1. Kindly provide the set of residues from segment 71-110 that are among the aromatic types (Phe, Trp, Tyr) and within 20 Å of the chain's Cα centre (by Cα), ordered by number.
2. From the list Val159, Val114, which residue is part of a loop (DSSP other than H, G, I, E, B), in contact (Cβ under 8 Å) with a residue 12 or more places away in the chain and not small (Gly, Ala, Ser)?
3. So is Ile68 surrounded by 19 or more Cβ atoms within 10 Å (Cβ to Cβ), within 22 Å of the chain's Cα centre (by Cα) and closer than 23 Å to Phe109 by Cβ or not?
4. Within segment 40-75, track down each residue that is of a type in the set (Asp, Glu) and in contact (Cβ under 8 Å) with a residue 12 or more places away in the chain.
5. Six or more apart or on different chains, Cβ under 6 Å: which pairs go from a residue in segment 20-39 that's closer than 13 Å to Ile68 by Cα and hydrophobic (A, V, I, L, M, F, W, C) to one that's at pLDDT below 95 and surrounded by 22 or more Cβ atoms within 10 Å (Cβ to Cβ)? Could you list them?
6. What number of residues within segment 113-146 satisfy the criterion of being surrounded by 24 or more Cβ atoms within 10 Å (Cβ to Cβ), among the hydrophobic types (A, V, I, L, M, F, W, C) and over 22 Å from Lys278 (Cβ atoms)?
7. Among the helices (runs of 4 or more DSSP H) contained in segment 195-307, which hold 2 or more residues that are closer than 30 Å to Ile32 by Cα and modelled with pLDDT of 95 or more?
8. Could you identify the single residue in Lys290, Lys300, Lys283 that is within 16 Å of the chain's Cα centre (by Cα), of a type outside the set (A, V, I, L, M, F, W, C) and outside the structural domain of Gly149 (by TED's automatic domain parsing)?
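The values are calculated or read from the model by the stated rules, or taken from the named source; none is laboratory data. What you are looking at is a predicted structure, and each value in this text was computed from that prediction instead of being measured. Here the Cβ positions follow ideal geometry from the backbone for every residue, glycine too, while neighbour counts run over all protein chains shown.
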Amino acid sequence: MKAVLIYKFGGPEELKYEDAPEPIINPNDVLIKVIATSVNPVDWKIRKGEHGDIKFPAILGWDVSGVITKVGSDVHDYKVGDEVYARPDLKRNGTYAEYVAVKASEIYFKPKSVDHTTAAAIPLASLTAWQGIFDHGKLQAGQKILIHGASGGVGTFAVQFAKWKGAYVIGTASGDNIDFLKELGADEVIDYKKEKFEEKLKDIDVVFDTRGGDTQIKSIEVLKQNGILVSTVGIKDKEALKPKNIEGVAYMAQSTPNDLKQIGELVDAGKVKAIIAKVLPLKNIIQAHKLSEEGHTRGKIVLTVGE
């Protein structure tokens, strides 16, 4: 099979599009023919050596939409030919490949209303947003949520989920994304290049932080007493949370089929959509990583792999 491998940490040039052996499945795995995958920041952070240990040579990529071609002996809920999507285990070889072995406990049936290219943009980003604002942020209807990086892959899902829940949604983004985010459901959008959100906002129930750094520290100022700060990049200063009794949660999304089921139902109902910035073939992986690292894409970069 064709795949993208890395043999050492480094820049995008370390991504090698070449032949690789087809994965061997375990009894609780399925083998998926990858139709499409996508690029997430965790991909290039791992490539650069910033995010955990990996065994070389390694295949990156942790979004997949495709078709099951083999099932392990202990798998009973899926069969050959099923169309599925998933965010596979980050500790195993990933989805920048024509085939990937994935635990059956990490997959769910692809939303029926979208093609594989669209479905591949959903799992990792949507699970991160869903679990961040609902499981950890405990967001309820009528509450105010501030979403940093609202126009990114995770942020666009967070805006839509929060609006669907009935929250008042505020996003930070660059000025050229204001109208786009309002169409997506944001009640208010703050241009971080021209305005200081910490001077405009107060009494926020939940802050969903994908940025960290000073943005996170300033977010503490706008949270109400007993508010919740949820971050995908870690909590910088836990002591700063104490005066307001703010709950600070840092997390990484889990591969949860029931969440994929609920998200897929929202997609099929037309309540939520994946925002795709660009679609490229897998062999253009270096270009895709460079675009993602620039950090200015609206939504996701998708890679097509199979037919």
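1. First, the residues of segment 71-110 that are among the aromatic types (Phe, Trp, Tyr): 78, 85, 96, 99, 108-109.
Residues satisfying the conditions are Tyr85, Tyr96, Tyr108, Phe109.
2. Working: Val159 fails: part of a loop (DSSP other than H, G, I, E, B).
Result: Val114 is the single residue among Val159, Val114 that is part of a loop (DSSP other than H, G, I, E, B), in contact (Cβ under 8 Å) with a residue 12 or more places away in the chain and not small (Gly, Ala, Ser).
3. Details: surrounded by 19 or more Cβ atoms within 10 Å (Cβ to Cβ): yes; within 22 Å of the chain's Cα centre (by Cα): no; closer than 23 Å to Phe109 by Cβ: yes.
Spelling it out, it is not the case that Ile68 is surrounded by 19 or more Cβ atoms within 10 Å (Cβ to Cβ), within 22 Å of the chain's Cα centre (by Cα) and closer than 23 Å to Phe109 by Cβ.
4. Start the filter on segment 40-75 by keeping residues that are of a type in the set (Asp, Glu), which leaves 43, 50, 53, 63, 74.
Of everything in segment 40-75, those that are of a type in the set (Asp, Glu) and in contact (Cβ under 8 Å) with a residue 12 or more places away in the chain turn out to be Asp43, Asp63, Asp74.
5. Listed by first residue and then by second, the contacts come to nothing, as the list is empty.
6. Residues in segment 113-146 being surrounded by 24 or more Cβ atoms within 10 Å (Cβ to Cβ), among the hydrophobic types (A, V, I, L, M, F, W, C) and over 22 Å from Lys278 (Cβ atoms): 4 in total.
7. Details: elements: 197-200, 213-222, 257-268, 285-294.
Output list reads 257-268, 285-294.
8. From the options Lys290, Lys300, Lys283, the qualifying one is Lys300.
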